[in-house]
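Since the structure comes first, as structure tokens, the remarks are kept for the end.
Since every read-out is calculated from the coordinates, none of them should be taken as a lab result. Source: prediction; values computed, not measured. Cβ placement follows ideal geometry from the backbone for every residue including glycine, while neighbour counts extend to all protein chains displayed.
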Amino acid sequence: MKREGVKMGYDRIRLKLGKVPADVLKEVVFSSLGVEREEVILGPSLGEDGALVRIGDRVLVSSVDPITGAVERIGWLAVNINANDVATFGVRPIFFSSCILLPEDSPLKTLRIICQQIDSAAKRLGIAVIGGHSEITPDLKNPIVIGCAMGVTDFGRYVTSGGSGEGDILILTKGAGIEGTAILASERRKRLIQKFGEELVRSAESFYMQISVVDDAVTAFEAGGVTAMHDPTEGGIAGGIHEMADAAGLGVEIIEERIPIAPETLKICEYFQIDPLQLVSSGALLISVKPEYADKVLAALSNKGIKTSIIGKFVNNPKRRIIIRRDGSTADLVRPVSDHLWIALTR
């Protein structure tokens with residue numbers, strides 16, 4: 001009876017915008033997963049970007065994500081965000097399906113643009129669009145695109161988000177808040193042009209072209225020594241680091257001054273009074289690598305023209321998750337409650 005009372009109280013929780021909190025995932029979502037099948041190598045898990053299913057001597061890698069906070073590039077984002085999640089396993093995505101939900105009375109042009117964006121992004125990554133669903137949905141304010149990307153690899157030839165070990169080096173490609181910067185520049189263009197001018201806003205919008213991490217992930221994995229990779233989407237860099245640490249059961253020490261943040265991102269975040277480390281960061285890639293392989297991975301990425309930075313390391317104590325500030329002081333690494341994109345879009 002006591003347990004039933006706890007559940008009833010738990011069900012009264014009001015969920016905030018963004019990802020469902022980890023404790024709710026464990027209590028509600030992960031307790032309702034159908035039957036167990038021996039083919040499932042990796043199912044729903046905290047901090048993981050997708051699933052691994054064994055089919056004969058091969059492994060199917062799949063990931064599902066919706067695009068809900070953007071309108072203008074929604075089809076482009078749907079392909080790239082899902083492709084990124086597959087790539088974090090060290091596997092190149094090759095298939096994509098989508099579910100396109102449109103508000104009532106949407107012009108046909110909206111569907112056409114979304115499909116053209118999906119087509120363009122898929123061709124750029126060498127992905128085949130293999131199916132999906134499209135419908136007009138009641139009580140919907142903006143279009144939503146839910147994507148599913150897939151890749152295929154040999155058994156054992158992949159990494160997960162939870163493979164980091166004590167002492168592993170944490171590398172970040174590109175920088176913080178890439179996707180969030182692009183979305184805010186597009187969705188709040190007029191306001192930002194009035195504040196910063198057209199040149200900065202146009203530059204920020206171009207961040208959409210940096211959102212793929214497929215080359216980042218495949219290049220790093222093939223260089224060797226990679227123990228885990230993660231695509232920091234909702235919750236940004238800070239959230240992504242926590243998710244990797246959660247998945248590995250480790251702590252982490254981060255050096256703030258080594259996290260690259262573009263000037264466009266800094267200015268837009270200052271304007272909306274949000275934290276760039278908690279802003280959706282698709283386009284960046286978190287890579288955990290054995291210390292002796294770090295230089296090799298950095299060199300391989302540099303040869304591809306991909307900017308990188310060593311931002312910290314994993315430590316044994318899972319309660320020690322700190323950020324070393326620019327002035328040398330330390331603080332707990334913030335764990336985002338909700339992505340700061342949602343905060344900015346309400347201001």
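Observations on the model:
- Label sites at Arg320 and Arg258, each approximated as a point 7 angstrom past Cα along Cα to Cβ, lie 1.5 nm apart.
- Sites Lys307 and Leu140 - FRET efficiency at Förster radius 30 Å, r taken between beta-carbons, to 0.05: 0.20
- When the helices of the chain are scored as -39500 (n - 2.57) per DSSP H run of n ≥ 4 and the total is divided over every residue, the value at 222 nm lands at -10000 deg cm²/dmol.
- Burial order of peptide ranges 143-149, 121-127, 297-303 (average beta-carbon count within 10 Å, highest first): 143-149, 121-127, 297-303
- Too-long pairs where the Cα-Cα distance tops 21 Å, listed order kept, from Lys195/Lys267; Lys290/Lys313; Lys174/Lys304; Lys16/Lys319; Lys174/Lys296: Lys16/Lys319
- For region 169-345, with +1 on Lys and Arg beta carbons and -1 on Asp and Glu, the positive-most of Val297, Leu192, Gly312 along the dipole: Leu192
- Ranked by how many other beta carbons lie within 10 Å on average, peptides 37-45, 245-253 from highest: 245-253, 37-45
- The ranking of Ile13, Ile259, Ile237 by Cβ neighbour count inside 10 Å, starting from the fewest, reads Ile13, Ile259, Ile237.
- Footprinting exposure proxy for Thr308, Thr330, Thr346 (fewest neighbouring C-beta atoms within 10 Å first): Thr346, Thr330, Thr308
- The Rg/Rh ratio for the chain, using Cα coordinates for both the radius of gyration and the Kirkwood hydrodynamic radius, is 0.96.
- Coarse-grained scattering of region 169-345 at q = 0.11, 0.17 Å⁻¹, given as base-10 log I(q)/I(0) from a Debye sum over alpha-carbon atoms: -0.45, -1.02
- A DSSP coil position with no more than 15 other Cβ atoms inside 10 Å describes none of the chymotrypsin sites (Phe, Trp or Tyr not before Pro) in region 163-231.
- Put simply, when 260-269, 150-159 are sorted by average Cβ atoms within 10 angstrom per residue, most first, you get 260-269, 150-159.
- Isotropic mean projected area of the C-alpha convex hull, region 191-275 (nm²): 7.1
- Rounded FRET efficiency, nearest 0.05, which uses the C-beta distance separating Glu199 from Ser32 and R0 of 45 Å: 0.35
- Region 214-282 versus region 121-158: alpha-carbon centroid distance in Å: 23
- Net length available on complete extension from Val71 to Leu266 is 67.9 nm, with 0.36 nm assigned per residue and the Cα-Cα distance removed.
- Of the Cα atoms belonging to region 241-347, the radius of gyration and Dmax stand at 15.1, 46 Å.
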